[in-house]
Amino acid sequence: MDLNSPLFDRIRIKPSAEEPRETKGPVCEHPSCRAEGLYRAPKGRDAEGQYWRFCLTHVREYNASYNYFAGMSDNAVAAYQKDAIIGHRPTWAMGVNSAAKAEGGANGERDWAYVDPLGVLNGEDFRQARQRRAPAEPKKPRYTGQLRRALDILGLDETADGPAIKAQYKTLVKRFHPDANGGDRSFEERLRDIIKAHDALKAAGLC
């Protein structure tokens, strides 16, 4: 065997498993482990945002035994779960917090009225709010054809009341009576219609 052969220069020996290897990243924080700590594990309650660095094997062992609520009583766990619903943020009842008191006085009541034309804050729908907001319109009387014609003869509409009908009747009688026209009887037909119209309205109880 030629010991000076160049083949001996190419021989490589596999490193022993017990021989420590150099790590480029963080080292596993488990005792007696020098592998790379590529995996984070939370340190637990009261240490939020802080992590251990473990290798894959030890981070699995840690996660299997991890318990965030270790050492807490049942009441404390229940309180934590209740606060978790709102993200552990502080809350106040309406009108009890300091801002509401500053705006509304000691009792938390506001000293100003809000405008709610649609009734949204009162639980009303649009139709209810509209009925509440709109003034009630007076009901117009519904007359028969004869009464409407009588009002038309007097030059009135259906909104005319008793005093208006009487005043209009007196005015028309004075205008078309023969005595007011120097004995001229050419308006007698017109005067007769006015009198009949007034009698019809009076019989209906409108004047």
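The values are calculated or read from the model by the stated rules, or taken from the named source; none is laboratory data. In this text the structure is predicted, and so the values were computed from the model without any measurement. Heads up, the Cβs are rebuilt from the backbone with ideal geometry, glycines too, and the neighbour counts pull from every protein chain shown.
Kindly indicate whether any position in region 72-79 is surrounded by 10 or more Cβ atoms within 10 Å (Cβ to Cβ), without any contact (Cβ under 8 Å) to a residue 40 or more places away in the chain and touching a Phe, Trp or Tyr at 6+ places or on another chain (Cβ under 6 Å).
Looking for residues that are surrounded by 10 or more Cβ atoms within 10 Å (Cβ to Cβ), without any contact (Cβ under 8 Å) to a residue 40 or more places away in the chain and touching a Phe, Trp or Tyr at 6+ places or on another chain (Cβ under 6 Å), one finds at least one in region 72-79, hence yes.
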Going residue by residue through region 152-172, is there one that turns out to be part of a helix (DSSP H, G or I), of a type in the set (K, R) and modelled with pLDDT under 90? no
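Conditions tested, residue by residue: (1) of a type in the set (G, A, S); (2) in a helix (DSSP H, G or I); (3) out of contact with any Asp or Glu (no Cβ under 7 Å at 6 or more places or on another chain); (4) at pLDDT 85 or above.
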{"position": "W92", "(1), (2), (3), (4)": "no, no, yes, no"}
{"position": "A100", "(1), (2), (3), (4)": "yes, yes, yes, no"}
{"position": "R127", "(1), (2), (3), (4)": "no, yes, yes, no"}
{"position": "K139", "(1), (2), (3), (4)": "no, no, yes, no"}
{"position": "R142", "(1), (2), (3), (4)": "no, no, yes, no"}
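Which one is farthest from the chain's Cα centre (by Cα) among residues in region 153-189 that are of a type in the set (D, E, K, R) and within 28 Å of R142 (Cβ to Cβ)? Give the steps one after another, and end with the answer.
Going through region 153-189, the residues of a type in the set (D, E, K, R) turn out to be 157-158, 161, 166, 170, 174-175, 179, 184-185, 188-189.
From what is left, the residues that are within 28 Å of R142 (Cβ to Cβ) are 157-158, 161, 166, 170.
Details: D157: 48, E158: 46, D161: 49, K166: 57, K170: 62 Å.
Across region 153-189, the extreme among qualifying residues is K170.
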Those residues that are at pLDDT 90 or above and assigned to a loop (DSSP other than H, G, I, E, B), I need them from region 51-72; list them, please. C55
